[in-house]
Amino acid sequence: MKQTVTFIPTLRETPADAEVRSHQLLLRAGFIRQNTSGIYSFLPLGKRVLQKVETVIREEMEAANSVEIFMPALQQAELWQESGRWYTYGDELMRLKDRNDREFALGATHEEVITSLLRDEIKSYKKLPLNLFQIQSKFRDEKRPRFGLLRGREFLMKDAYSFHATSESLDETYDVMMQAYKNIFTRLGLNFRAVIADSGAIGGKDNHEFMVLSEIGEDTIAYSDTSSYAANIEMAAVNVTYPVSDETARAMEKVATPGKNTIADIAEFFQTTADKCIKTMVFKADDELVIVLARGDHEVNDVKVKHATGATVVEMATPEEVQHLLDCDIGSLGPINLPGDIRLFADHAVENIVNGIAGANESGYHYKNVTPGKDFTVPAFHDLRFIQEGDASPDGQGTIQFAKGIEVGHIFKLGTTYSIPLKGTFLNDQGKAMPYIMGCYGIGVSRVLAAVAEQFQDDDGFTWPNIVAPYEVHLVPVNVKDDVQRELGEELYALLKNNRYEVLLDDRKERAGVKFTDADLIGLPIRITIGKKAAEGILEVKIRRTGETFEWTRDEVLEKIQ
Ligand code: ATP
Ligand code: MG
Ligand code: MG
Ligand code: MG
């Protein structure tokens, strides 16, 4: 590609509203432009990087027997009403109406659409398992779009969904997806960890986030310095500090709903009820069940009231009742601040809860008439502690360290959460209708691009790894008015392209300083400068990442570039 043909609007100044390096450089190097808050256009270079990230993802997904499809972004409200998420998803879901006043959502995620698609098509266990993926724009009206592509309101996601007849089959696919994700992020050169992101009570392995270690990450992960143990800090608190004792198990059994009296049943209870939210955790302290209240902002939809009961409480609290709880109580109870804006309330505080509402961090999932001391035992505050740096790792190997992470991927065992309400069933080998057992697997494609951009850069600009670099070689004839330089540039451009290299030729009539500054900013892996020594057939080669320079003759280029 010739620079006089393409569109690379580089900027000298750092845009004032771009806070993090990846965002600043993506703007300055002319890869993206912002349209409005959280919404971006990809310019030619940005689009090429995006496509390369997609290619890696596609290759690994296909190698793992996931097959590509493409579903609509515009989704009829009825589907979201069937799953219930129309009422619980909150303001993040973009809603709109057609000319006939029918309601729609712009896809924030596609569980409903894909479950409804398959329920009419896959009716026999013989056609399972099935794993399908797509790469598509997602829409989420984030409260705080920030850091450029890292948290957009329209962003590109790879989302995969798997369908199974048995939970063993889901387990298998989950492991395969886990490996595929590791392959993807390793190939992209990212420094990442797969972290446990689920409640210990449901196994602690049913839900993993992939975190790129980065100081600008919004999540905190706790990991062992000598083993592969890593968990989201909230989950680390559960898993590390409060293993389930026999007594806890008995306490949990006591509070189980009729007919459900094992730990597994209680776990399932949380799966199908309170655990509609992202972060419900069953919190345990020694032999007692613990209520954990957590909230971000003072909004009903953001209420993060968490509980570890499920016993005699069956009635749902209305949003007004939850609001009442917030208005009149929690603020005055003197919460103790802990990492991650999670607050534990001391026992007296729990007892004071008006209405005894407990639930998950989404409206519509709160129970009322919860009686502390009856439905669950209230522990003394001093029993509760979040994991800290320096604690022993729960796997017994090494000590815990904290790091900030960017969530680039998330894999999840959904079970029957969507197939039951959406009536996605198949006939099993006994001819009985059963709900699909499902898994879902997401990667933020545009967020990955930004995470790579965050990791591969120096003071002068990007230092893209080959696998995602927009082009492999930057050919820079210093002075295109000089016939020798210009012609040698054209000749090498043709030669490299004919040999399947991706080449960007700076054929602009710009000063040398401008060309070099832009080349460093754009950050292609190899720069070949055609300058004063062109007449002797000598070229100056610079490896962008290391800064190493060499002199090659024109005849050596093909042989040495490999
Ligand atoms: P976060 O905690 O950052 O809000 P999430 O847990 O809501 O992300 P998921 O529903 O798990 O996101 O979606 C799958 C993946 O999509 C995430 O792991 C992340 O990489 C990406 N993603 C989610 N929200 C955004 C966003 N607003 N902008 C860019 N990528 C996003
Ligand atoms: Mg989110
Ligand atoms: Mg998340
Ligand atoms: Mg997530």
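Figure legend: label point modelled 7 angstrom from the Cα of LEU96 along Cα→Cβ; residues of the range 126-142 with amide N under 12 Å from it are 139. Put the Cα centre of the range 495-562 next to the Cα centre of the range 19-56 and the gap is 24 Å. Between ALA494 and GLU13, the FRET efficiency estimated from the beta carbon spacing at R0 = 56 angstrom works out to 0.95. Using every pair of separate Cα atoms, the Kirkwood estimate puts the hydrodynamic radius of the range 449-495 at 12.7 angstrom. Quick note on the range 435-521: its Rg to Rh ratio, both from C-alpha atoms and Rh being the Kirkwood radius, is 1.21.
How large is the direction-averaged shadow of the alpha-carbon convex hull of the range 74-224, in nm²?
11.7 nm²
Counting only Cα atoms, the size of the range 389-469 along its three principal axes is 64, 40, 21 Å, in decreasing order. Stokes-Einstein, applied to the Kirkwood radius of the range 48-111 over Cα pairs at a viscosity of 1.002 mPa s and 20 °C, places its translational diffusion at 153 µm² s⁻¹.
Based on every Cα atom in the range 470-519, Rg and the maximum pairwise Cα distance Dmax equal 10.7, 30 Å. From the P(r) of the range 1-53, could you give the percentage of C-alpha pairs in the tail past 15 Å? It works out to 48 percent of all Cα pairs. Structure note, pairs LYS143/LYS404; LYS138/LYS158; LYS123/LYS432; LYS2/LYS509: Cα-Cα distances above 18 angstrom occur for LYS143/LYS404.
Only alpha carbons enter this Debye calculation for the range 502-541, each as an equal point scatterer, and the log10 of I(q)/I(0) it gives at q = 0.23, 0.30, 0.31 Å⁻¹ is -0.86, -1.22, -1.24.
Read-outs throughout are calculated quantities, based only on the coordinates presented, and are distinct from any laboratory measurement. The shown structure was predicted, so the numbers you read here are calculated from the model rather than taken from an experiment. Virtual Cβ from ideal backbone geometry, glycine too; neighbours counted across all protein chains shown.
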